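**Student:** Got a structure here, written out as C-alpha cells. Questions coming.
The values are calculated or read from the model by the stated rules, or taken from the named source; none is laboratory data. Nothing here was measured: the structure is a model prediction, and the numbers come from that model. Glycine gets a Cβ as well: all are built from the backbone with ideal geometry, and neighbour counts include every protein chain shown. Heavy atoms of the whole protein, side chains included, go into the accessibility calculation; ligands, DNA and RNA do not. Shrake-Rupley method; radii C 1.70, N 1.55, O 1.52, S 1.80 Å.
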Amino acid sequence: MVSDIETRFSRDVRDRMLEAIRSSGGNEVFFAGTLDGSGTVTDISIIARGHSSAVPIVPPALDGAEVLVHNHPSGGLTPSEADLSIAARYAESGVGFYIVDNELTDVYAVVEPVLRSEKVPLDGDYLAGLLDETGPLALSSENYEVRPTQLALCESISRAFNTGSIGVFEAGTGVGKSFAYLLPAMTWAVDNKDRVVVSTGTINLQQQLIERDIPMAQGMLGKPVKAVLIKGRQNYVCRRRLSEALRERDLFDDELEELARISEWADATGDGSRSDIPFMPKDAVWSRICSESDACMGMRCSFRDGCFVMRVRKEAASASLLVVNHHLLFADLEARMMGAGYDDTAVLPPFHHIVFDEAHAMESAATSFFSEYFTRFRLAKQLNVLHRVRRGSVAGHLIALERLSSSSGEIGNALAAISAVKDAYAAVEEAALNSLGGDFSWRLSHATRASAGPLLGSLSTLRGKLSELAGIVRDVLEGIAEEDQDDTVVWESKFALRRLEFIGTLALHFLEWEERPESVFWLERLRIPSRAGKGAGDGSWYPRFVQTPLSVAPMMKEGVFDPFRTVVCVSATLRIANSFDYWMRRAGVSLLERERVISGVYDSPFPYKTNVLLAVPDSGPLPDEQGYQDFMDGAIVSLLGASGGHALVLFTSYDSLKASCARSRAELSPLGMTILMQGDDDRTRLLETFRSDQSSVLFATDSFWEGIDAPGDALLHVIIAKLPFRVPNDPVLSARAEAIELEGGNPFMDLSLPEAVIRFRQGFGRLMRRKTDRGAVTVLDRRIVAKRYGRVFIDSLPETARCVAPLPELLIRVERCVYP
C-alpha cells in the first residue's frame, strides 16, 4: 500500500528534503514546491531555515509555488496559529500548505492545493471573426465596415496570450484597438479563470471601456464577463476622516459648508468617488477626507461596513477583468516588488496578464509614479496634524495624545521640536531659492556641486530636526496603553509621523546624491497658490524637492515584463519613422530575450491622403531666431481666419500660448469667434465648450497634445506652433542626456528627437477621429522642412497631401481643404 507521503512527494523530492533537514541540524526548513498533473510534488526549493520551533517565510521567493511545506522537529504535525495564518493567506491563490515530520514518514495537509488545469488556448481566427462582416457587430449595425487591420491585431493579441509573450503593437487611429484586445482578454480571463488587467492613461478611455466597449464585447462573446473599474483610493471619501473633519473647530466657514455638502452626498452615494460628487470640492478639503493607505485602520475601523474602498475591492476580488489607470497599476506593482509577491492581493487582487492601452505613456507614467517629492505644503500638512493655531484656536492631535500618554511631559518638547523644524525648513527654502536664482529648475550634479553647499547643509539640519521631532512623538505614542492604540487620534498621529520621517529620508537622499547615480535630484520653482475665491496669490515662490529615477527600464523589466505571463502594449504612437527601438529601450522591452517579444504595425484605415493637408510655411524666422513670436502670432490669426475657427492650437510654452491667445482674442473675438484658453476653466468643461461651439478655437499646451477627441466639424484645423522638443535645461532630460553621452550615444538623436516625434504624432492625431473627418494640420515651425532631422517627423506620419509654400498660399490651401 502506498503511503500518503509517497503519494504527495516524489522520491527525488523526499530525498532532497531529508538532506536539507539533516544539514540544518534538524531545525525547521521552509520549502516551496510545484506539482505534476496528479498533484504530486515533483520539484522543491529551499526558501528559509529556522530553529527548532520557527522558520521565516520570504514572500517574494514564493511566486509560482503551488504548495508550501515545512517540518515540525517535534514530530507533532498540529498547525500553530502562525501556520494557519500563512496557510489561509496563500489559500486565496490556490496554494497548498503541508506540514511534515523530520523523517518524512508523515504529512498533514492543512490546505489542499488547487490543481492547475491546462490553459484553454484562444482561437484567434474565431475571435477575429466576431469583428468580420458576418460577426454579431456587423449584423447589428447597418453601416458597419470591416477593418482588416483590426482583425489582424485581434489575432496577434490572441497569439500573445497563447504563447505568454510581450506584445508590442502600433495600431493607428480608427483601427479599433479596444475590441481587438478586449475580445482576447475577456475570453482568456473567463475560459481560464485567469484575471486580466487593462491599464489606460486617461479617465475618458476607462469610462468608455466600462460604459460602452466592454458591454458590447460581452454581447459579441455571448457570455457574461465581470469587469470592474478601480480608481486609486484617494479618489474615494473616507467616512472616518469625514466624520472627524466635521468635528474640527478650526475650519473656515466655506470649508464647513463644503464638508456638510459632501457628508450629505456620502450618505446617498453608492459610489463614494470624487467624480460622483455633483460639485467640485476644493483640493485642500478633499485631501483631509479622502482615503489614504497609510491612514487606513482596516478591520479596526468603526466605519468599515460602509467603506467605499472595501466595497470596490470586494467587487474586484470576483472580477475577471479589471480596468485601472497606469498610476494605480504602478502602485500595485511597487507593492509586489517591495514584498507582497505576485500571487497575493496587493493594491489589486492577483493577476498574471496586463494590457497597456496608450502604451506610449508608460515611461512617463512610471517616471511620475516613482518620483518622490516634498514641499512646504506637504511638511506643513503633517505638522498641522500634530499641532496648529488657527482662528485663535489651538488644535492638533498632540492635545489628545497628552491625555492618553504616560509620556505626556514630552508634549512641550514636541512643540519646541515642531518650531525648530519650521525654522530649519525656512532656511532650506531660502537656500533652495538662492540655488534656483531666476530659473524654474535646478539639478544637483557635478557642475553644480560647488554651489550646493548651503543647500545641502540646510537639508542636513532639517533632517536632524525632523529626526528629533519623530523621536519625541514616538516616545509619546509608546506611552499610550494598548487598549487606546486603536484610537483614531493615535492612528492619524502615526500616519503623520511616517510622512514626516519620509521627508527626512528624502532629505537624506539629497545629501547622498553622489551615491545614488540611479536617481536625478532636482528643484522646481513654483508660485504660491491663492485660496480659491480669495483673490490672486501674493506673487512669491516656493521650491519643490524631487527625486526621479534616471531610467525606468530596469524596474519595468523587473516589475512588469519578467513576472507577468502576458503583457500587451498597444498605442497609435510607438514608432519613430519605422522603428520601435526608441520606445522599447525607454520602456525596458529591449532588455528582454528577443524571442519573447512579438510586434506588429496595424495601419489606420482612415483616408489621410485625401482628407488631410499637412501645411508648412516656406519662409519666416525659425523658433530660435528673433521675431518668431510675432511671426507666429500673426500667422495664427490669419490661419484661424482661413478655417473660420474650428481649430486646436498647440504650444510647448504657456507664456508663448498666452501671448498668441491675447492677440487672437484682440483681433478675432470682435468678429464673433470664441477663443478658449487652457487654464480658463476646468479641462472637462473647456473641452465640452469647444465641442459644442463648433467654430470655437482652443489654445492649449501640455496634456492637450493627446487625449482630446473632437470629431466632426468641431475640429477641422490643428495648428502646431513649435515642434514639441522639451527645453534642454529640463533637469530629468539633461540627466538622461548626460547618461546617454557617457555610454557613447547621441543625446539628441537617441532621446530628444524621438521623444519630440512621439509627442508630435499625438498632436497630429487630434485631427482625424473618424473616417469622415477632414482638415488641415499646419506646422509653423519650419525646422520640419529646413533641418535634416525634420524628415524623421514627416516619415512618422501617415501619407497626406502636403503644401510647403509662402503663408498667403497656405491660407488658400487651408481654406480649400476645410471648405472643399
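**Student:** Given the options ILE794, GLN762, HIS446, identify the residue whose Cα lies farthest towards the positive end of the charge dipole of the chain (+1 on Cβ of Lys, Arg; -1 on Cβ of Asp, Glu).
**Tutor:** Comparing the listed Cα positions along the dipole, ILE794 ranks first.
**Student:** Can I ask one more? Which Cα, out of LEU657, PRO728, PRO623, lies furthest along the positive dipole direction of the range 608-742 (beta carbon charges, K/R +1, D/E -1)?
**Tutor:** LEU657
**Student:** Right, something else. Roll a 1.4 angstrom probe over the protein heavy atoms and tell me the percent of accessible area of the range 106-163 that is carbon or sulfur.
**Tutor:** Carbon and sulfur atoms account for 49 percent of the accessible area of the range 106-163.
**Student:** Once neighbouring chains are kept in place and the probe is 1.4 Å, which whole percent of the accessible area of the range 167-259 is contributed by carbon and sulfur?
**Tutor:** Details: 1730 of 3390 Å².
The C+S portion of the solvent-accessible surface of the range 167-259 is 51 percent.
**Student:** Rolling a 1.4 angstrom probe over the protein chains, ignoring ligands and nucleic acids, what is the accessible area of GLU799 in square angstrom, nearest 10?
**Tutor:** Using a 1.4 Å probe on the heavy atoms, I get roughly 110 Å².
**Student:** For a test of the definition: using alpha carbon positions, the gyration tensor, and the 1.5 limit on a/c, classify the range 554-698 as rounded, prolate or oblate. Each step should come with its number before you reach the end.
**Tutor:** On the way: a/c = 2.29, a/b = 2.13, b/c = 1.08.
Prolate shape, in that a/c is at least 1.5 and a/b is the bigger ratio.
**Student:** Moving on. Let me have the relative contact order for the chain, percent, based on Cα pairs under 8 Å that are six or more residues apart. If you can, show how the numbers build up before the last one.
**Tutor:** On the way: 1401 pairs, mean separation 99.8, N = 820.
Relative contact order here is 12 percent.
**Student:** Continuing with this model, one more query. May I have the extent of the alpha carbons of the range 1-48 along their three principal axes, as whole Å values ordered from largest to smallest?
**Tutor:** 31, 23, 14
**Student:** Considering only protein heavy atoms and a 1.4 Å probe, what is the carbon-and-sulfur percentage of the accessible area of the range 262-361?
**Tutor:** Numbers: 2140 of 4070 Å².
Result for the range 262-361: 53 percent of the exposed heavy-atom area is carbon or sulfur.
**Student:** How much of the DSSP bridge set in the chain is antiparallel, in percent, rounded to the nearest 5? Mind showing how you got there, number by number?
**Tutor:** Details: 37 of 96 bridges.
In the chain, DSSP labels about 40 percent of beta bridges as antiparallel.
**Student:** Additional query: About the Cα centre of the chain, how large is the charge dipole given +1 on each Lys and Arg Cβ and -1 on each Asp and Glu Cβ? Please answer in debye to the nearest 20. If you can, show how the numbers build up before the last one.
**Tutor:** Working: 88 positive and 111 negative charges, 399 e Å.
Magnitude of the dipole: close to 1920 debye.
**Student:** How big is the dipole moment of the range 131-173 about its Cα centre under a simple scheme where the beta carbon of each Lys and Arg is +1, that of each Asp and Glu is -1, and everything else is neutral? Debye, nearest 20, please. Before the final figure, lay out each step's value.
**Tutor:** Details: 2 positive and 6 negative charges, 45 e Å.
Here the range 131-173 has a charge dipole of around 220 debye.
**Student:** Hey, another quick one. Taking 1 over the mean of 1/r across every pair of different Cα atoms in the range 31-150, what Kirkwood radius in Å do you get?
**Tutor:** Details: mean 1/r = 0.0566 Å⁻¹.
Value: 17.7 Å, from the Cα pair sum.
**Student:** Could you check the spin-label model distance between ASP562 and ARG376? Points 7 Å from the Cα along Cα→Cβ, value in nm.
**Tutor:** Going from the ASP562 label point to the ARG376 one covers 4.3 nm.
**Student:** A further question follows. ASP702 versus ARG596, label points 7 Å from Cα toward the beta carbon: distance in nm?
**Tutor:** 3.7 nm
**Student:** What is the spin-label model distance, in nm, from ASP271 to ASN578 if the labels are put 7 Å beyond Cα along the C-beta direction?
**Tutor:** 4.7 nm
**Student:** From the Cα gyration tensor of the chain, with a ≥ b ≥ c the square roots of its eigenvalues, which class applies: rounded if a/c is under 1.5, or else prolate if a/b is larger than b/c, or else oblate? All intermediate terms of the calculation are to be shown ahead of the outcome.
**Tutor:** Numbers: a/c = 1.83, a/b = 1.25, b/c = 1.47.
Taking the square roots of the gyration eigenvalues as a ≥ b ≥ c, the chain is oblate.
**Student:** Can I ask one more? Which one, LEU671, PHE704, ALA359, projects farthest toward the positive side of the charge dipole computed for the chain from Cβ point charges (K/R +1, D/E -1)?
**Tutor:** Positive-most Cα among the choices belongs to LEU671.
**Student:** Search the structure for amide H atoms under 5 Å from the amide H of PHE374, placed 1.01 Å from N in the peptide plane, and list their residues when 5 or more places away or on another chain.
**Tutor:** Residues meeting the criterion, in which the H sits 1.01 Å from N, are PHE545.
**Student:** Give the accessible surface of the chain per residue, rounded to a whole number of Å², with probe radius 1.4 Å and ligands, DNA and RNA excluded. Before the final figure, lay out each step's value.
**Tutor:** Working: 35860 Å² over 820 residues.
Dividing the accessible area of the chain by its residue count gives 44 Å².
**Student:** Please state the shape class of the range 556-598: rounded when a/c is under 1.5, otherwise prolate if a/b exceeds b/c and oblate if not, all from the C-alpha gyration tensor.
**Tutor:** Numbers: a/c = 1.91, a/b = 1.71, b/c = 1.12.
Here the range 556-598 falls in the prolate category.
**Student:** Sticking with this structure for a sec: What are the aspartates and glutamates whose alpha-carbon lies under 17 Å from the alpha-carbon of LYS494, with same-chain residues fewer than 8 places away excluded?
**Tutor:** Excluding near neighbours in sequence, the set is GLU244, GLU292, ASP294, GLU402, GLU410, GLU468, ASP475, GLU478, GLU482, GLU483, ASP484, ASP486.
**Student:** So how exposed is SER540, as accessible area in Å² (1.4 Å probe, rounded to 10)?
**Tutor:** 40 Å²
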